[in-house]
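The structure appears below as structure tokens.
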Amino acid sequence: MYIKRHIEPVVARIAKRKPVLVLTGARQVGKSTMLKEVYHDINYIALNRPLVRQSAKDNPSLFFDTYKPPVIVDEIQKAPQLFDYIKDIVDEKKIKGQFYLTGSQSFDLMEGISDSLAGRAGIIKLMGLSLREVSGIAYREPFAPTEKHFTGIGNGTLFDYDALIRFVHKGSFPELYETESDLHDWSDFFNSYFETYIERDVRDALKIQDESAFIKFVKACASLTGEMLNLTTLAEICGKDVKTINSWLSVLQSSGLVYLLEPYYNNFNKRMIKTPKLYFLDTGFACWLLGWNTPEQNLYQENRALVF
């Protein structure tokens, strides 16, 4: 079951303005699914298939003769040789909406774009499902609570408190909403997700030797979500130096798992020097990492507030 994404009109608007659209974000947030749903009548190529990927690497000049644009290319960072050929095609034809590229390893993806496609590509970052999307609400305006009305999803629709607790625990990955899933499915999903993340993304990017220390680091970040970032504390927990922790944190950011919220001050210089807050972008993943296996564990013992 496909859940309609609120970012679809943005994708359509950018595609009308740029010859290349780049959709990035964490693994499994629904990048290729959304593009195939919206642009179901154009070619789709997945570079995670070994034979297709090898063809792109061996004969990049012939690749787009076989797969003519407009075309969706999934996991484009796996064949960076294609970037220069995409540049040549868009410069020659000057047609909008020719290439729709997706990639989850944005540290590799953005390097290829900045080198070859600067000024030619519109870049969009896709997040997980929002509460409005899961609820089937089409309202897209920002939610600004007031004294008179502080409960709701932005358009006046009230949400159920227990449902909100379950949403926080379940997280925002679309696969978890495709069918009715239980806690075993939830646990299996995140277990596989984390193993795949370490195997594909982290080892390629950092060449980590001490895997157990890195796992401890990710769990420590989950435990500190919503708190002020303290690299020294993280280094002490993992038994690593601050430089290593800073490098690991940059990979979590680049792969779309965490976000650093910079503080807001009227004085711009203060914004630059004050400490940001660390947030895990998927609350379900944070819950799994911390061993909160039921929605009820997300509550304080006093039942006063949510633990995000």
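The values are calculated or read from the model by the stated rules, or taken from the named source; none is laboratory data. These numbers were taken from a predicted model, which means no experiment stands behind them. Note that we place each Cβ from the backbone using ideal geometry, even for glycine, and neighbour counts take in every protein chain shown.
Could you check how many residues of segment 22-41 are farther than 22 Å from LEU257 by Cα, touching a helix residue (DSSP H, G or I) at 6+ places or on another chain (Cβ under 9 Å) and surrounded by 15 or more Cβ atoms within 10 Å (Cβ to Cβ)? Outline the logic, then answer.
Looking only at segment 22-41, we keep the residues that are farther than 22 Å from LEU257 by Cα, and these are 36-41.
Right, trim to touching a helix residue (DSSP H, G or I) at 6+ places or on another chain (Cβ under 9 Å) and you get 37-39.
Retained after the next criterion (residues that are surrounded by 15 or more Cβ atoms within 10 Å (Cβ to Cβ)): 38-39.
The qualifying residues number 2.
Put simply, of TYR44, TYR100 the only residue that is touching a residue at least 60 places away in the same chain (Cβ under 8 Å) and assigned to a strand (DSSP E or B) is TYR100.
Number of residues in segment 223-271 that are surrounded by 13 or more Cβ atoms within 10 Å (Cβ to Cβ), part of a helix (DSSP H, G or I) and aromatic (Phe, Trp, Tyr) equals 1.
Here PHE190 meets each of (1) modelled with pLDDT of 90 or more; (2) in a loop (DSSP other than H, G, I, E, B); (3) touching a helix residue (DSSP H, G or I) at 6+ places or on another chain (Cβ under 7 Å) with one exception, condition (2). For first residues located in segment 68-94 and among the acidic types (Asp, Glu), partners that are in a loop (DSSP other than H, G, I, E, B) and lie 6+ apart or on another chain with Cβ distances below 8 Å form the pairs ASP74/LEU47; ASP74/ASN48; GLU75/LEU47; GLU75/ASN48; GLU75/SER104; ASP91/ARG120. Could you give me the residue pairs with C-beta distances under 7 Å whose first residue belongs to segment 51-66 and is closer than 14 Å to PHE83 by Cα, whose second residue is not in a helix (DSSP H, G or I) wherever it lies, and which are 6+ apart or on separate chains? Close Cβ pairs satisfying both conditions: ARG53/LEU47; ARG53/ALA79; ALA56/LEU47; ALA56/ALA79; ALA56/GLN81; LYS57/ALA79; LYS57/GLN81; PRO60/GLN81. Here GLU111, GLU92 are screened, and the one residue that is surrounded by fewer than 16 Cβ atoms within 10 Å (Cβ to Cβ), at pLDDT below 75 and assigned by TED's automatic domain parsing to the domain that holds VAL38 is GLU111. Selection of segment 67-93 for residues being of a type in the set (Val, Ile, Thr) and outside any helix (DSSP H, G or I) yields VAL71, ILE72, VAL73.
Could you list all residues from segment 271-308 that are basic (Lys, Arg), at pLDDT below 85 and closer than 15 Å to MET228 by Cα?
Within segment 271-308, ARG271, LYS274 qualify.
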